[in-house]
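Some notes on the structure that comes next.
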Amino acid sequence: MYLEPVNFVAMKENQIQIHYNTYQWEELSESYKNLMDRSIAAQHNAYAPYSNFKVGAAILLEDGTIFTGNNQENAAYPSGLCAERVAIFACSAQNPNIKIKVIAICANSDKIDINTVLAPCGSCRQAMYEYESKQNAPIKVLLKGLDNEVVEFLCVEDLLPLVFQCDGLKKVR
Ligand code: THU
């Protein structure tokens with residue numbers, strides 16, 4: 001089979017930048033510290049007997065309500081669900097019309113050495129983006145970093161460049 005050579009002269013290289021802020025714990029506002037603390041408390045209650053990797057998420061709504069969630073595993077592995085989706089699905093199920101301001105996420109394991117910032121998986125980024133798009137307002141994402149550091153993304157989309165979105169899908173019946 002003969003393949004045409006790729007035309008490297010015509011190729012255009014593109015780049016996407018993502019933005020995030022880092023804070024030391026002491027620099028956080030009281031409301032951020034409280035939300036992170038709630039995600040840490042949720043993380044301790046995760047049901048993760050198979051991976052021993054516990055994740056917690058805490059969601060702050062614009063009326064001040066906080067929703068928490070954690071990962072829920074299952075002997076049939078794919079039947080489990082990540083902390084972020086447990087939290088955001090429960091939150092949306094119970095408060096479909098109240099905007100989400102911030103989601104704080106933390107992860108830890110007694111069994112694994114963690115030497116990098118733990119960021120949400122691709123499916124959770126896509127799921128969180130759905131609500132950002134629905135409410136037409138950014139959802140901040142706070143991640144517990146290494147040591148004393150906290151990482152802040154100003155919106156979910158910054159965590160998922162080229163997110164899958166298709167407004168046309170809502171019109172197809
Ligand atoms: N997990 C989360 O809860 N959130 C993520 O974003 C990635 C992974 C959970 C799923 C599973 O229970 C465990 O962490 C190991 O993958």
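At a glance:
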| quantity | calculated |
| --- | --- |
| Residues of the stretch 127-148 satisfying the condition of being modelled with pLDDT of 95 or more and loosely packed, with under 14 Cβ neighbours inside 10 Å | Lys134, Asn136, Ala137 |
| Residue identified as in contact with a Leu (Cβ under 6 Å, 6 or more places away or on another chain) and under 19 Å from Ala87 (Cβ atoms) among Ala127, Ala104, Ala137 | Ala104 |
| Residue under evaluation Ser123, criteria (1) open to solvent by 50 Å² or more (accessible area, probe 1.4 Å); (2) modelled with pLDDT of 95 or more; (3) closer than 17 Å to Gln43 by Cα; (4) not basic (Lys, Arg), criterion not met | (3) |
| Qualifying residue in the stretch 98-107 (condition: more than 13 Å from the chain's Cα centre (by Cα), part of a strand (DSSP E or B) and within 9 Å of the ligand (Cβ to nearest atom)) | no |
| Count of residues meeting criterion [on the phi < 0 side of the Ramachandran plot, of a type in the set (S, T, N, Q) and in a loop (DSSP other than H, G, I, E, B)] in the stretch 44-87 | 5 |
| Extreme residue, nearest to Val141 (Cα to Cα), among residues of the stretch 46-84 that are open to solvent by 50 Å² or more (accessible area, probe 1.4 Å) and among the charged types (D, E, K, R) | Glu62 |
| Residues being surrounded by 14 or more Cβ atoms within 10 Å (Cβ to Cβ) and within 13 Å of the ligand (Cβ to nearest atom) - total across the stretch 29-45 | 3 |
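The values are calculated or read from the model by the stated rules, or taken from the named source; none is laboratory data. Note that the coordinates shown come from a computational prediction; the quantities given were computed from them, not determined experimentally. A quick note on method: Cβ atoms are made from the backbone with ideal geometry, for glycine too, and the neighbour counts reach across all protein chains shown. With ligands, DNA and RNA removed, areas are computed over all heavy atoms of the protein, side chains included. Shrake-Rupley method; radii C 1.70, N 1.55, O 1.52, S 1.80 Å.
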